[in-house]
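Read-outs throughout are calculated quantities, based only on the coordinates presented, and are distinct from any laboratory measurement. Keep in mind it's a predicted model, so treat the numbers as computed, not measured. Please note: Cβ atoms are built from the backbone with ideal geometry, for glycine as well, and neighbour counts cover all protein chains shown.
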Amino acid sequence: MVSEECYELGSRSSIIREIFSFGLKRKAEIGADRVYDFSLGNPSIPAPDSVKRAILELLEGPAEEIHAYSPAPGDAVVRKVIADSLNRRFGECFTGENIFMTCGAAASLNICFRALGNPGDEFVAFAPFFPEYRCWVEGVGASLRVVQPLLPDFQMDLEALRGILGPKTKGVIVNSPNNPSGVVYSLESIEGLAELLREKSEEYGHPIYLISDEPYREIVYDGVEVPYLTRYYEDTLVCYSYSKSLSLPGERIGYIVIPGRIHDYDRVSAAIAGAARVLGFVCAPSLFQQVVARCVEDTGDIEAYRRNRDLLMEGLRRIGYTCVPPQGAFYLFVKALEEDAGAFCERAKKYDLLLVPSDDFGCPGYVRIAYCVAEKTIVNAMPAFERLMEEYQRVAMS
Ligand code: PLP
């Protein structure tokens, strides 16, 4: 007998992966340049040159060192370099002890849920949210509660959150810039959130932790600032990843920040170490720990994503689509042309447009368009978006 829960998860892949696989098949049939695949959040810009230089230099060193296990929470020097960088950028006072190196944001989040959550606990996410949260939270026997967004700007609805928080709430997840909406939560909403969580933590007699999932922190446009959440709420854990900022999703490298001022710091810090151990996420990839330490404040060419965003958003608006203006990440959230976003995506496939329906993001009626693609994919896809719109207009008129 196998675990029913794992069997279920493993035998049906995520909708994003399903659409991506369909795209691969379709590209083999009609040619890659005739399929407009906007399904995956795989960075389209290369890692900066500094990454390649760092790898080459590091490979010149003794192989038995660079490929060796690091200490379980990561190399002490790497952790200090990251802490110093965060202190410089966000006016914090972290030490290397506050940083736990991980295999990307997925590992960081799983470690946090496992470290904090007990069966019966609740974690809260703001819709739209990254669909994997649900299986990660449920994997520790906790449940995921969802707060719908404030429309039309998709900011957090704090009054709705107030109605959902309760004695079982262990943590609230914030993902900004957001996948899939591209929205950056405003300073005002972060301050309101911090105030509410303080009030409720006091009322229930235990801290409600804020878990900041921020793989897109550096991917922002028009000079928008993304508040650093530890500055606003003491019980914050930051889950960071270099998958997007350095275009290194396959290398599985990131970290968790456990600030010294968090309630029960010693216990939380030990539980993070214990969760990483249980899940097998100790000793993050050694070579890439050293690489990110050497490129700690570098990013890929974010400007290329900004150009894609403008091209796509302006093009779709001209045709008549309604889009949520993204201030960050590389996703555009667009209103589907019928209530059932899944049916809309099926119809889009007829034009070889591969879009992701928003149902699994907890916010039905929209589609996510990942614009981390070549610029020409967006340009060439526009006539297909236009024909899709015309089909709906014809149906509406008949
Ligand atoms: N959280 C969000 C919001 C994401 O979009 C992703 C990946 O796309 C992850 C977490 C997982 O990131 P990683 O590849 O670093 O594990």
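Each label point was placed 7 Å from the Cα along the Cα-to-Cβ direction; for ASP264 and ALA28 their separation is 5.1 nm.
Going 7 Å from the Cα of SER85 in the Cα-to-Cβ direction, what parts of region 176-194 have a backbone nitrogen less than 18 Å from that spot? Within reach of a label on SER85: 177.
Remark: for residue pairs LYS168/LYS244; LYS80/LYS244; LYS244/LYS335; LYS27/LYS52; LYS168/LYS335; LYS349/LYS376, the C-alpha separation exceeds 27 Å in LYS168/LYS244; LYS27/LYS52; LYS168/LYS335. For region 119-187, chymotrypsin sites (Phe, Trp or Tyr not before Pro) are listed when DSSP marks them as loop and at most 11 other Cβ atoms sit within 10 Å of their Cβ; the list is empty. Between ILE302 and ARG387, full extension at 0.36 nm per residue minus the direct alpha carbon distance yields a gain of 27.5 nm. Dividing the mean sequence gap of close Cα pairs (under 8 Å, 6+ apart) by how many residues the chain holds gives a relative contact order of 23 percent.
Counting only DSSP beta bridges whose two residues both lie in the chain, roughly 50 percent are antiparallel.
About its Cα centre, what dipole magnitude does region 247-398 give when the only charges are +1 on Lys and Arg Cβ and -1 on Asp and Glu Cβ, stated in debye to the nearest 20?
120
Per-residue ellipticity at 222 nm computed for the chain from its helices equals -13500 deg cm²/dmol, with DSSP H segments shorter than 4 residues left out and the rest contributing -39,500 (n - 2.57).
Specify whether the C-alpha gyration tensor of region 28-130 places it in the rounded, prolate or oblate class, a ≥ b ≥ c being the square roots of the eigenvalues: rounded for a/c under 1.5, otherwise prolate if a/b is larger than b/c and oblate if not. Judged from the Cα gyration tensor, region 28-130 comes out oblate (a/c at least 1.5, b/c at or above a/b).
Once both labels are modelled 7 Å past Cα along the beta-carbon direction, what's the TYR69-GLU97 spacing in nm? It is 2.4 nm.
When each of ILE66, ILE15, ILE99 is scored by the number of other beta-carbon atoms lying within 10 Å, the sequence from fewest to most is ILE66, ILE15, ILE99. Charge dipole of region 198-241 (Cα centre as origin; +1 on each Lys and Arg Cβ, -1 on each Asp and Glu Cβ, all else neutral): 60 debye, rounded to the nearest 20.
Multiplying the residue separation of LYS168 and ASP49 by 0.36 nm and subtracting their alpha-carbon distance yields 38.1 nm. Loop-located GluC sites (Glu not before Pro) in region 21-77 (DSSP state not H, G, I, E or B) with no more than 12 neighbouring Cβ atoms inside 10 Å: GLU60. Distance between the C-alpha centers of region 123-149 and region 286-331? Whole Å please. So the separation of the two Cα centres works out to 25 Å. Between 0 and 90 degrees, rounded to the nearest ten: what's the tilt of helix 265-279 against the longest Cα principal axis of the chain? On a 0 to 90 degree scale, this one is about 60.
Charged neighbours of ALA396, selected by a Cβ distance under 13 Å, balance to -2 (K, R count +1; D, E count -1). Compared with the alpha-carbon gap, the fully stretched path from GLU199 to LEU9 is longer by 64.7 nm at 0.36 nm per residue.
Take the Cα of HIS206, go 7 Å toward its beta carbon, and the backbone nitrogen atoms of region 133-147 under 19 Å from that spot belong to 137-146.
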